[in-house]
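Here's the structure we're looking at; comments come further down.
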Amino acid sequence: MSSAPSRPLFGLRSFRAKFVLVVGAAVLFDLVLSGGLALWNVQRLSRDAALEVGQGLTTATQDYLRSYAEATVTEANLLIDRVHADVGVLSGVLQSQIDDPSRRDAVGRALAQAGPTSTDVVYDAQGGWAQNLRPSPSVVSVWGYLLDGSHLPRSDVQKEIEDSAVLDLVAPSLLASGAPKLQMYFIGPKERPIFRTAPYTDQAQTFDRLYPGHNTSSFWTFFFPGIYESWQDWIADPASRPTDSFLTQTAPYTDAITGKLIVSFFQPLWTRDRTGIAGVAGTDITLDQLASIVERVKIAQTGFGFLAMSNGNVVAINPRGEGVIGLVSSKGSSGQGVTGVERSLRTAMQPAIASLRLDENDGEIQHITLEEHGESVPYIIVLKRLQPTNLWTMGPIQRETMSVGIVVPEREIYASLITAQNGILLATNRILLYQIGAIILSLLLVFVAVLSVSKRITGGLSALADAAARLQAKDYSVRVKVPTRDEVGEVGLAFNRMAAEMSFHTENLARLVDERTHELENANQEISGLNEKLRSENLRLGAELDIARQIQMMVLPRPLELESVPELDIAAYMRPADEVGGDYYDVLEDDGRLKIGIGDVTGHGLQSGVLMLMVQSIARALQEAGETDPRRFLDQLNRAIYKNLERTNSDKHLSLAFLDYENSNITLSGQHEEIVIIRGDGAIERIDTIDLGLPVGLERDITPFIATREIRFESGDVILLYTDGITEAENARRIMFGIERLCESAFRHRLGNAEEIKAGIVADVMAHIDGCKIHDDITLVVVRHR
Amino acid sequence: MEIKTGDFRVWDEGSTIYFDGIMRLSGSEAYAPILDLMMNVLASGASTVTLNLTDLEFLNSSGINLLAKFTIETRRHPEVQLVVRGAQSVPWQSKSLRNLQKLHPSVTLLVD
């Protein structure tokens, strides 16, 4: 007994491998599909989220920047408005004094008495001017060209000094409140431009130091050329003012008293009749105050602000911002008037800044690119204009609109956006990693599970395959253990049963063979016995057939008899079928009366033969008895046959017709096949015999049905008598020979003698049958008139 | 009931007996089962018994004898009308069926 071939546990062609492959592929497909979909969705989600967040943050950031710029401008406007208000209060007080001279005089006198230091000026020989002494709330400087020969102020100037003392009442409290102001002052008209300033400082001395030559020049022309003329024009035509206000602001310049960069705000005062200028109320604020608003700007890490004049001169910016936008500062070099600061955007080293238009895109986000350390850095800039003012720089007063600029590097302002987008990207990548990890883990888990399950599922099949191989090697003792209760388990059980049966059969084969051999022997004996019986039966049947055939042939007319018939040439042919039938023909001659009979008994075998023998005997007897009437002849023959058949309890009958020939005339009687006559000229006649009788042996009395028919039969005419064995002879295609073919055949052979015609027709019939089974007796009688 | 061989088929539907094919049985013993079938139909009490021979291409002389015997038998049952249907185009029928009417004049012969 050979051992079963060893099987690899996990061959590539094994069922298990295929199983694992199919399940694995299905799971992989599923995971990759679902994972891919999830990833795709996450990607899309993150993209959408980044876009949404980006848009939201961009909008928010830009709104913030715009709001910031607006707030800064509002703050600057507010500061300026407060300064305007303070100047307005001072100018209001002074103007009301001008408009009420009696009160002005009273107040002036009262103040002069109460504080002589406020109105008494002392000549300074070194400077050539006069100035009041401390302590006084305000300092009043009287320039040399306002003094008379004794170095005392002219009387109108002195009057102005006293009138202006009212400033001492108002200015200190205004300085103490409201917007931080450097100083508040009154300057007289160009006829007597005294300069009273609160608080008290060494005013004239400072002027001397900073503006040499001022003491000999007209104040307004020296310090603010053009400003006075503008005001005078305004009186004549208020519509010529650049703004709705009379208040005039100067460009930043270096303060004579404090030395700081300042901005002055002037409110001109009018004479009572409003035709001339009665002086000016003013205040100074340091540029720092304005600058601090923009310099305080801090957006993101390095965002900054600046304040620029409409001509591009930047009046406020922190140093770092100055560096970023590349401003180049230069001290004002004009020889006239107050000196300021020259630091224009127009001359900035950054082209984007130099080409910046201040009169456009108010409050709009603008994107510019600045060069930093050789690389282009995107920046956002928002410009916002302040309220318009009347500005004096040099010459006539002009309308001025300063702008606040906010500058922020884009990367800083969008830092949160970039952070958010990075966060989303990070989250997406994390999800991607988790998803891939999940897919790999799932695959591993499924693979392990499938591997273990497949071992269980395919284990049974492997065991079956092994067992089948052993069975093939004729090891019938093999049994499989399939623990599962599924179809494989059922196959295992069936296999075991089969193996047991094979084992049983193999072991019992010899005994079985003996048994079967014995049975076969018995059967063989039985068959032999039966065979013996059959043989004897066949012999009996054969003997019967032989007898029947002998009877049939025995009673037929002998050739010699036929030849002896005068006038007629007769030839006859009979071929019994394989089983003998019951065809009948006879030629009876008696004293010149010739009677030819033809008939066909139903059925086959001995009975049919005997019936035919009876018919022949009776016909012969009737002929011998001299019965010449064909109807009576047939009637008597029928009666005899009928009774004999009744006695023998036979249910046979026969068709039977007779031809009585006498003197070229034939009398036809009885029912049989059609009679065929071929005339001497070749014409063919077919004569139906159906109405000439009834089958013999069926009825006791057939007289009512018997009829006769007279037929001329002359020299050269041929009559054919036959049984249905001829017309119903079949070939292989079951086509019958038929009456038509019979007529054609007879016609072809009509010129020969009876024997030749008979032989020709029989040859044609046999050629038609062509070796097929002959079902019925074949009988043909050819009668030719000599 | 139905009798069937490779060559022919005989069966009854109600009181009509159909014959189909080629019948060449060797004798009256061989035709006995068919006669039984026909007798059963005759005995069933139907007022009309029809033999439909339209599709019976060939019937040998023993078969014709069977029809004759059956016809003679129906003469004993005057209450039963025998109808025989045949076809002129079939040679044996054109020749033999009229004999049935001779044996039993009340037989209705319907030859197409």
Under the 7 Å Cα-to-Cβ spin-label approximation, A:Asn429 and A:Ser34 lie apart by a distance in nanometres of 2.7 nm
Relative contact order of region A:571-687 (C-alpha contacts under 8 Å, at least 6 apart) in percent is 23 percent
Whole-Å distance linking the alpha carbon centroid of region A:262-283 with that of region A:638-652 is 177 Å
Listed by chain and number, the aspartates and glutamates with an alpha carbon less than 14 angstrom from that of B:Lys69, same-chain partners under 8 positions apart left out, are A:Glu646, A:Asp651, A:Glu699, B:Glu29, B:Asp36
Note to self: C-alpha centroids of region B:54-112 and region A:465-535 sit apart, in Å, by 61 Å
With -39,500 (n - 2.57) per DSSP H segment of 4 or more residues and division by the full residue count of chain A, the 222 nm estimate, nearest 500 deg cm²/dmol, is -16000 deg cm²/dmol
Expressed in angstrom and rounded, the centroid-to-centroid distance over alpha carbons for region A:707-786 and region A:167-224 is 172 Å
Computed about the Cα centre, the charge dipole of region A:557-785 from +1 Lys/Arg and -1 Asp/Glu charges at the Cβ has a magnitude in debye, to the nearest 20, of 320 debye
When A:Leu461, A:Leu656 are ranked with the fewest other C-beta atoms within 10 Å first, the list becomes A:Leu461, A:Leu656
For A:Lys455, the lysines lying under 22 Å Cα to Cα, once residues fewer than eight places off in the same chain are dropped, come out as A:Lys18, A:Lys481
Quick note on A:Val89, A:Val782, A:Val294, ordering by fewest other C-beta atoms within 10 Å, gives A:Val89, A:Val294, A:Val782
Rounded to 0.05, the calculated FRET efficiency for the beta carbons of A:Glu567 and A:Asn649 at R₀ = 30 Å is 0.10
With 0.36 nm assigned to each residue of separation and the Cα-Cα distance removed, A:Ala621 to A:Arg456 gains 49.1 nm
Interchain or sequence-distant (5+) residues whose placed amide H lies within less than 5 Å of the amide H of A:Asp124 are A:Trp129, A:Ala130, A:Gln131
To the nearest 20 debye, the protein assembly as shown has a Cα-centred charge dipole, built from +1 on Lys and Arg Cβ and -1 on Asp and Glu Cβ, of 3960 debye
Computed from the beta carbon distance with a Förster radius of 51 Å, FRET efficiency for A:Asn311 and A:Ala26 to the nearest 0.05 stands at 0.05
Along the dipole axis of the protein assembly as shown (charges at Cβ: +1 for Lys and Arg, -1 for Asp and Glu; origin at the Cα centre), the most positive-end residue among A:Gly697, A:Ala473, A:Ser240 is A:Ser240
Here the relative contact order (percent) of region A:292-413, from C-alpha pairs under 8 Å and at least 6 apart, is 26 percent
With the 8 Å Cα cutoff and a minimum separation of six or more residues, chain A has a relative contact order in percent of 10 percent
Note on region A:557-785: alpha-carbon gyration tensor, axes a ≥ b ≥ c; rule is a/c under 1.5 for rounded, else prolate if a/b larger than b/c, else oblate; result oblate
Answer in debye to the nearest 20: the dipole magnitude of region A:531-661 about its Cα centre, from +1 Lys/Arg and -1 Asp/Glu charges placed on Cβ, is 520 debye
Of the candidates A:Val328, A:Gly108, A:Gly603, the farthest towards the positive dipole end of chain A (Lys/Arg Cβ +1, Asp/Glu Cβ -1, centred on the Cα centre) is A:Gly108
Full extension between A:Ala415 and A:Arg485 adds, at 0.36 nm per residue less the Cα distance, a length in nm of 18.5 nm
A:Glu740 and A:Leu560 label points (each 7 Å along its Cα→Cβ direction) are spaced in nm at 4.5 nm
Stretched fully, the stretch from A:Ala763 through A:Arg700 gains (0.36 nm per residue minus C-alpha distance, one decimal, in nm) 18.7 nm
Surpassing 22 Å at the alpha-carbon level, of the pairs A:Lys595/A:Lys758; A:Lys298/A:Lys384; A:Lys773/B:Lys102; A:Lys190/A:Lys260, are A:Lys773/B:Lys102; A:Lys190/A:Lys260
Between A:Cys772 and A:Arg748, the FRET efficiency computed from the C-beta separation at R0 = 22 Å comes out, to the nearest 0.05, as 0.50
per DSSP, antiparallel bridges as share of beta bridges in chain B, % nearest 5, sits at 35 percent
Per the charge dipole of chain A (beta-carbon charges, Lys/Arg positive, Asp/Glu negative, Cα centre), the residue among A:Val83, A:Asn649, A:Asn422 reaching farthest to the positive end is A:Val83
By Cβ neighbour count within 10 Å, fewest first, A:Asp717, A:Asp244, A:Asp100 rank A:Asp244, A:Asp100, A:Asp717
Taking a crude spin-label model, label points 7 Å out from Cα along the C-beta direction, the A:Leu541 to A:Lys18 distance in nm is 6.0 nm
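Bear in mind these aren't lab numbers, they're just calculated from the coordinates by the rules spelled out. Since this is a predicted model, take the numbers as computed values, not measurements. Positions of Cβ are backbone-derived with ideal geometry, glycine not excepted, and every protein chain shown enters the neighbour counts.
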